[in-house]
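Here is the structure we will look at, set down as structure tokens.
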Amino acid sequence: MPLTPCTRPAPAARAIVAAIGLAAVGLMCAACGPDLADPPGTGSPIVRDSAGIRIVENGPVAAWTDETRWRMSEEPIVRIGAREGPPHLTFGFALGARRLSDGRIVVADRHTSQIHYYDTTGEHLMTVGGSGQGPASSPRSGASTGSRTIP
């Protein structure tokens, strides 16, 4: 069986193939890298996607100064709730708490289906709701009964 000689491409053809391969690798690397038009640290947010979840990262340049930044106080400003005591302080399941625009604080207790109102210092003002079928009550169930208007 005769052997056929191995033919090699001409040097110019090898150079073209190498250049195309190098360009393809460069394009792939550029597509996976950060956006160089808006590099990190400039204060502009970086937006990326992770499995369908939008993630926004802010750079190290803060929009506030040491004087204007938010701080946690050493001690709580208001303390609401107790292990033992009156019903408006012993929550079965505190579902959430919010400060209203007038400064009052409301706490929703899922266990009793009640909303407790407190003043700005944490003193109890009133309680609304409860279990039942009346206009100011909620049926006892695990499902949400929808939104309610807060007085």
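On a full-extension model of 0.36 nm per residue, what is the gain between Arg83 and Leu125, subtracting their alpha-carbon distance, rounded to one decimal in nm? Write out the running numbers ahead of the final one.
On the way: separation 42, 0.36 × 42 = 15.12 nm, distance 1.96 nm.
Roughly 13.2 nm would be gained on extension.
Modelling each spin label as a point 7 Å along the Cα-to-Cβ direction, I'd like the Ile20/Phe93 distance in nm, to one decimal.
Going by the 7 Å Cα→Cβ label model, 6.6 nm.
For segment 62-140, what is the convex hull (Cα atoms) projected area averaged across all directions, in square nanometres?
On the way: hull surface 30.5 nm².
Reported value for the Cα convex hull: 7.6 nm².
Expressed as a rounded percentage, what relative contact order does segment 62-140 have, with Cα pairs under 8 Å and six or more residues apart?
Relative contact order, segment 62-140: 17 percent.
For a footprinting-style exposure proxy, rank Trp64, Trp70 by other Cβ within 10 Å, fewest first.
Trp70, Trp64
What FRET efficiency comes out for the pair Arg104/Ser50, r = Cβ-Cβ distance, R0 = 30 Å, nearest 0.05?
The calculated FRET efficiency here is 0.15.
Using Cβ counts within 10 Å as a stand-in for footprinting exposure, how do Ile80, Ile20 rank, fewest first?
If I rank by nearby Cβ atoms, fewest first, I get Ile20, Ile80.
To the nearest 20 debye, what charge dipole does segment 62-140 have about its Cα centre, counting +1 at the Cβ of each Lys and Arg and -1 at the Cβ of each Asp and Glu?
360
Based only on other Cβ atoms within 10 Å, what is the fewest-to-most ordering of Thr127, Thr68?
Least to most surrounded, the residues fall as Thr68, Thr127.
Computed from the coordinates by the stated procedures, all read-outs in this text should not be read as laboratory data. Bear in mind that the values here come from a model prediction, so they are computed numbers and not experimental data. Counting neighbours? That spans all protein chains shown, and the Cβs are built from the backbone with ideal geometry, glycine included.
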